[in-house]
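The values are calculated or read from the model by the stated rules, or taken from the named source; none is laboratory data. This one's a predicted model, so the numbers in the text were calculated from it and none came from an experiment. Glycine gets a Cβ as well: all are built from the backbone with ideal geometry, and neighbour counts include every protein chain shown.
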Ligand code: HEM
């Protein structure tokens, strides 16, 4: 059903599937190709040939063997011929791109754009991102080779990332990220037909203990958002059914992470597991500290029902408050839910759909030095400035919103020398996680636009008249 943007039913056939569908559970491996446009006409021809194959958000009964999705940066859109008048209608932060916003995002020191992977920075900064998910590695490799061959004319493939879900050692636990935490748990629940995550804890906390799903316009352009307005979007034919996509290649230093927490355990055996959970806000198996402050609870983390309890928690209702989940814990900063008061009204405009995948081999304590691994962090939203940038800049990279002064997110944003405060009940003093070397370093990234399918066809055909909206005279 479509209602042309007036309600909550999105045109699933015109939205790219990676925005609204979590591929991760069905598709265990992924390939990300970052490319530069070298010949605009050949590049557009290639795009035109892909339109039919691009995976949409229409639900499937049997998952395909592989998926295909494409996104372009502002520069990339210009390179394939989008006229200047249309390029100017994109939001300012997207026009500038991630590297230009480094200072306010906290991408400094080793995360500074000047130090990013050579194939992701400067004049190599990608124009297009092609993403393939597959059910098997053989299927992934076959599809990847096909795409590489097809892109030989029109593009130069500058950088490739292979990613794969990591098994969790705890039986029944969700897939994990490299530091060992179950990941991919909390996602926004969306009204109408836009998301399959109809479970408590995904929407906005409302009075009486319930949760209200979010308006699709928070994530897909052309639909009403939480303020009852249409999000800022480029002019037609690009303004409908697209989404803005943030990509960050985040290198994780697992040996340093292990060294830091194992050191703490030497003084007090067993304390590493507790401190790691305090830093994240969840135990390794995904149990939220708010629901179970003293130990992981397999009944919560193992609950796979549609109405599973793993995300069904609030901060203001927790009896133990910050004594259970510290004010600076990663998940509490990244989505404070009702922590600022007024139920969820102060946080509902700052949600993101996360689609990250781990890259690189799982850590082995006997390995040689220098093996790179991390998270290809990807998130989709209607406004990069209001959603990703508020989370990254105001909540992860700054402590003010939580009364924490200079404390930054100890997991992702602390530079060398960062610290974290773990609150305690008076008269016991708080614990401070002491200065550390950074655990996570940004190796490159960008702000992309994931167009709707009709918009993709218009891009391929260089047809800027689709909507009847003409360039300003
Ligand atoms: C290497 C870097 C990162 C790691 C290892 C990491 C790890 C995690 C883990 C383990 C969770 C809990 C499981 C879940 O809810 O899925 C989580 C939740 C979350 N993270 Fe991160 N994360 C990283 C970077 C980021 C960044 C850069 C952002 C945003 C700027 C972010 C935003 C979020 C959000 C919004 C949640 C969900 C919170 C909730 O709704 O309760 N993360 N992360």
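Count, please, the residues in the stretch 143-173 that happen to be over 30 Å from residue 308 (Cβ atoms) and in contact (Cβ under 8 Å) with a residue 60 or more places away in the chain.
Here is the first cut: in the stretch 143-173, the residues over 30 Å from residue 308 (Cβ atoms) are 143-162.
Next, from what is left, pick out any that are in contact (Cβ under 8 Å) with a residue 60 or more places away in the chain: 143-144, 147-148, 150-151, 153-162.
Final tally of qualifying residues: 16.
Among the residues that make up the stretch 265-276, is at least one of them within 20 Å of the chain's Cα centre (by Cα) and either modelled with pLDDT of 95 or more or under 30 Å from residue 229 (Cα atoms) (or both)?
Just the residues of the stretch 265-276 that are within 20 Å of the chain's Cα centre (by Cα), to begin with: none.
For the stretch 265-276, residues within 20 Å of the chain's Cα centre (by Cα) and either modelled with pLDDT of 95 or more or under 30 Å from residue 229 (Cα atoms) (or both): absent.
Examine the stretch 248-260 for a residue that is assigned to a loop (DSSP other than H, G, I, E, B) and within 16 Å of the ligand (Cβ to nearest atom), and state whether such a residue exists. Give the steps one after another, and end with the answer.
Looking only at the stretch 248-260, we keep the residues that are assigned to a loop (DSSP other than H, G, I, E, B), and these are 253.
Of the ones still in play, those that are also within 16 Å of the ligand (Cβ to nearest atom) are 253.
Looking for residues that are assigned to a loop (DSSP other than H, G, I, E, B) and within 16 Å of the ligand (Cβ to nearest atom), one finds at least one in the stretch 248-260, hence yes.
For residue 429, which of the numbered conditions (1) over 23 Å from residue 80 (Cα atoms); (2) at pLDDT 95 or above; (3) out of contact with any strand residue (DSSP E or B) (no Cβ under 9 Å at 6 or more places or on another chain) fails to hold?
The single condition residue 429 does not satisfy is (2).
Looking at (1) without any contact (Cβ under 8 Å) to a residue 60 or more places away in the chain; (2) under 15 Å from the mean Cα position of the chain (by Cα), can you tell me which one residue 428 breaks?
So the condition that residue 428 fails would be (2).
Which of (1) buried (at least 21 other Cβ atoms within 10 Å of the Cβ); (2) within 16 Å of the ligand (Cβ to nearest atom); (3) part of a loop (DSSP other than H, G, I, E, B) does residue 126 not meet, given it meets every other one?
Here residue 126 meets the rest and fails (2).
Here's a check for you: in the stretch 14-48, which residue that is touching a helix residue (DSSP H, G or I) at 6+ places or on another chain (Cβ under 7 Å) and in a helix (DSSP H, G or I) is nearest to residue 244 (Cα to Cα)?
14
Could you please find all residues in the stretch 3-22 being farther than 16 Å from residue 450 by Cα and either crowded, with 21+ Cβ neighbours inside 10 Å or touching a residue at least 60 places away in the same chain (Cβ under 8 Å) (or both)? Spell out the reasoning first.
Taking the stretch 3-22 as the starting set, the residues that turn out to be farther than 16 Å from residue 450 by Cα are 3-9.
Of everything in the stretch 3-22, those that are farther than 16 Å from residue 450 by Cα and either crowded, with 21+ Cβ neighbours inside 10 Å or touching a residue at least 60 places away in the same chain (Cβ under 8 Å) (or both) turn out to be 5, 6, 7, 8, 9.
What is the residue count in the stretch 216-228 for residues that are within 21 Å of residue 339 (Cα to Cα) and in a loop (DSSP other than H, G, I, E, B)?
Of the stretch 216-228, the ones within 21 Å of residue 339 (Cα to Cα) are 218, 226-227.
Right, trim to in a loop (DSSP other than H, G, I, E, B) and you get 226-227.
Summing the residues that are within 21 Å of residue 339 (Cα to Cα) and in a loop (DSSP other than H, G, I, E, B) in the stretch 216-228 gives 2.
Can you go through 62, 55, 38 and tell me which one is in contact with a strand residue (DSSP E or B) (Cβ under 8 Å, 6 or more places away or on another chain) and surrounded by fewer than 18 Cβ atoms within 10 Å (Cβ to Cβ)? Walk me through it before giving the result.
Values: 62 fails: in contact with a strand residue (DSSP E or B) (Cβ under 8 Å, 6 or more places away or on another chain); 55 fails: surrounded by fewer than 18 Cβ atoms within 10 Å (Cβ to Cβ).
Being in contact with a strand residue (DSSP E or B) (Cβ under 8 Å, 6 or more places away or on another chain) and surrounded by fewer than 18 Cβ atoms within 10 Å (Cβ to Cβ) holds for just one of 62, 55, 38, which is 38.
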